[in-house]
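Participant: Quick one: the structure is below, and I'll ask about it shortly.
The values are calculated or read from the model by the stated rules, or taken from the named source; none is laboratory data. Owing to the predicted nature of the structure, the values given are computational and were not obtained by experimental measurement. Cβ placement follows ideal geometry from the backbone for every residue including glycine, while neighbour counts extend to all protein chains displayed.
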Amino acid sequence: MKKLFLLIILISLLAGTLQMEAASIKVFIQKRSFDDKGGLRADAVIQAVDMFLVSRLKKDYPCVEYLDTDGLTDLLSVERQRQLFGTGDENALQNMASALGCKYLISINVKVMEDQAIISLLFMDNTKAKTLSRAVETAPYGDLAIDAAEKAANILFDGLKMYEICPFKGEITIKIVSSYKDDQTEQYPVYCNGSDGIFIKTISLDKYSENEWTLYKNSFNASSGNVKFNLSEELTIDESNPCYDCAPNKQGLRSYNEKITTYASLQKLSNESESEGVKVDDARAYLTFLDDGTYTLKIKASSTDGEKKTIKEVTAQGVCDNSNEPPKKTTNKIDEGILEIFGPFTGTAQDKSLSHSDTIKRTNPASEEEETITYEFNLTRD
């Protein structure tokens, strides 16, 4: 373990000498071979597999830069090569890939025994220790083994259609217009002072908001952008009571009016999250690719705190109760968030672009507001 630890430190130092951009997506290709006759037959098959894999990498995922064991062994002594690659321990390979800053790991394992070539391939997300795709092919050594190598490489890459190897980037816009109106009237007969009357109370609520998110997906999930949110709400209560109790043993007509006006405005995303010690916008765009050739887009974001201002006005007139109080103003904090899932749409992670636009009308089951959601996204990848 101590030797392995020292070797990982060495690789970390060597990684600094590799000519790769820090922001690039890297894959480490590990190769292992075995020939029961001690020859180079397995190595020949590995070269074929490597050729097919690199060709597919460049074609399907040009964003990826790769380093293989051939390049690494040029930097290490023979003894350290033996210590690193001789065990075939998967944890050691993952540690090595991590030390090199590689997000992905491809393992090529070829055995030639009794003139049969066994080709085992594995593609792993090294940051999650999760196998994304694998392929195993067997064929007699010779031309058929080369065909099997190409088939195995294609199976391996076809298994990646559900994974965002190269991040999709681009603009996402969502506008949500919400409205709610409600009028309720209560009335019943009353009697006082020797005459009949009708008690009437009307409550009206008129609420409207516009919520517009302009986001840019700039990595696998991380996004930046802006939000514009405006809210206006008016609640009115009108009451006419012919038999209002205004004093002991005294009743009379009273008209009462109460109006509560609320409005708010927000114009900035919150940035409580951190990435590499730097504050970033609290906005995420998640692409999820399904095995039926479709995908969904999940948007999650939040705004900074803003001000919600409320004005309350009350008037009352009657034989024993007159009031015309000055408006009462209050200010509270408010924030806004979005959590929406759109789709499914037709497409895979191996497409070069993903785009869609639509308008959805629905009733919010929690608030009973009528919502119109208009969204559009145009995402592309290398």
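Participant: Please work out if Leu105 is farther than 19 Å from Ala152 by Cβ, at pLDDT 70 or above, surrounded by 15 or more Cβ atoms within 10 Å (Cβ to Cβ) and of a type in the set (A, V, I, L, M).
Facilitator: Working: farther than 19 Å from Ala152 by Cβ: no; at pLDDT 70 or above: yes; surrounded by 15 or more Cβ atoms within 10 Å (Cβ to Cβ): yes; of a type in the set (A, V, I, L, M): yes.
So Leu105 fails the test.
Participant: Would you point out which residue out of Pro365, Pro344 is over 30 Å from Lys58 (Cα atoms) and free of Cβ contacts under 8 Å to residues at least 60 places away in the same chain?
Facilitator: Pro365
Participant: Tell me whether region 309-323 contains one or more residues that are assigned to a strand (DSSP E or B), touching a Gly at 6+ places or on another chain (Cβ under 9 Å) and free of Cβ contacts under 8 Å to residues at least 60 places away in the same chain.
Facilitator: Within region 309-323, not a single residue is assigned to a strand (DSSP E or B), touching a Gly at 6+ places or on another chain (Cβ under 9 Å) and free of Cβ contacts under 8 Å to residues at least 60 places away in the same chain.
Participant: Working only within region 363-382, note down all residues that are farther than 18 Å from Phe220 by Cα and either in a strand (DSSP E or B) or not polar (S, T, N, Q) (or both). Quick ask: steps written out before the conclusion?
Facilitator: Our first condition is that a residue be farther than 18 Å from Phe220 by Cα; within region 363-382, this holds for 363-376.
Thr363, Pro365, Ala366, Glu368, Glu369, Glu370, Glu371, Thr372, Ile373, Thr374, Tyr375, Glu376, listed by residue number.
Participant: Can you find a residue that is at pLDDT below 90, surrounded by 15 or more Cβ atoms within 10 Å (Cβ to Cβ) and either over 30 Å from Phe229 (Cα atoms) or under 22 Å from the mean Cα position of the chain (by Cα) (or both) anywhere in region 147-158?
Facilitator: no
Participant: Report whether or not Asn249 is under 30 Å from Tyr163 (Cβ atoms), assigned by TED's automatic domain parsing to the domain that holds Thr315 and among the polar types (S, T, N, Q).
Facilitator: In short, no.
Participant: State whether one or more residues within region 341-357 are within 26 Å of Val227 (Cβ to Cβ), surrounded by 11 or more Cβ atoms within 10 Å (Cβ to Cβ) and over 20 Å from the mean Cα position of the chain (by Cα).
Facilitator: The answer is no, given that none of the residues of region 341-357 is within 26 Å of Val227 (Cβ to Cβ), surrounded by 11 or more Cβ atoms within 10 Å (Cβ to Cβ) and over 20 Å from the mean Cα position of the chain (by Cα).
Participant: Restricting to region 105-147, name every residue that is touching a residue at least 60 places away in the same chain (Cβ under 8 Å) and not in a strand (DSSP E or B). Spell out how you get there, then give the answer.
Facilitator: To start, the set of residues in region 105-147 that are touching a residue at least 60 places away in the same chain (Cβ under 8 Å) comprises 105-114, 117, 119, 121, 126, 141, 145-146.
Result: Glu114, Asn126, Tyr141, Ala145, Ile146.
Participant: Might you let me know whether region 241-248 holds any residue that is in contact (Cβ under 8 Å) with a residue 12 or more places away in the chain, under 30 Å from Glu336 (Cα atoms) and among the hydrophobic types (A, V, I, L, M, F, W, C)? Full working, then the answer.
Facilitator: Residues of region 241-248 in contact (Cβ under 8 Å) with a residue 12 or more places away in the chain: 241-244, 246-247.
From the residues that got through so far, the ones that are under 30 Å from Glu336 (Cα atoms) too are none.
Within region 241-248, none of the residues are in contact (Cβ under 8 Å) with a residue 12 or more places away in the chain, under 30 Å from Glu336 (Cα atoms) and among the hydrophobic types (A, V, I, L, M, F, W, C).
Participant: Which of the strands (runs of 3 or more DSSP E) found entirely inside region 221-298 contain at least 2 residues meeting this: of a type outside the set (Val, Ile, Thr)?
Facilitator: Filter on region 221-298 gives 223-247, 250-266, 273-275, 283-289.
Participant: Just checking, which of Ile176, Ile198 is assigned by TED's automatic domain parsing to the domain that holds Glu258 and surrounded by 14 or more Cβ atoms within 10 Å (Cβ to Cβ)?
Facilitator: Ile176
Participant: Return yes when Gln251 is of a type outside the set (Ser, Thr, Tyr) and closer than 27 Å to Thr374 by Cα and no when it is not. Break it down stepwise before answering.
Facilitator: Numbers: of a type outside the set (Ser, Thr, Tyr): yes; closer than 27 Å to Thr374 by Cα: no.
No: the conditions fail for Gln251.
Participant: Related question: Hey, among Glu164, Glu171, Glu150, which residue is under 20 Å from Ile118 (Cβ atoms) and in contact with a Phe, Trp or Tyr (Cβ under 7 Å, 6 or more places away or on another chain)?
Facilitator: Glu150
Participant: Which one of Gln187, Gln267 is touching a residue at least 24 places away in the same chain (Cβ under 8 Å), surrounded by fewer than 16 Cβ atoms within 10 Å (Cβ to Cβ) and either in contact with a strand residue (DSSP E or B) (Cβ under 7 Å, 6 or more places away or on another chain) or at positive phi (or both)?
Facilitator: Being touching a residue at least 24 places away in the same chain (Cβ under 8 Å), surrounded by fewer than 16 Cβ atoms within 10 Å (Cβ to Cβ) and either in contact with a strand residue (DSSP E or B) (Cβ under 7 Å, 6 or more places away or on another chain) or at positive phi (or both) holds for just one of Gln187, Gln267, which is Gln267.
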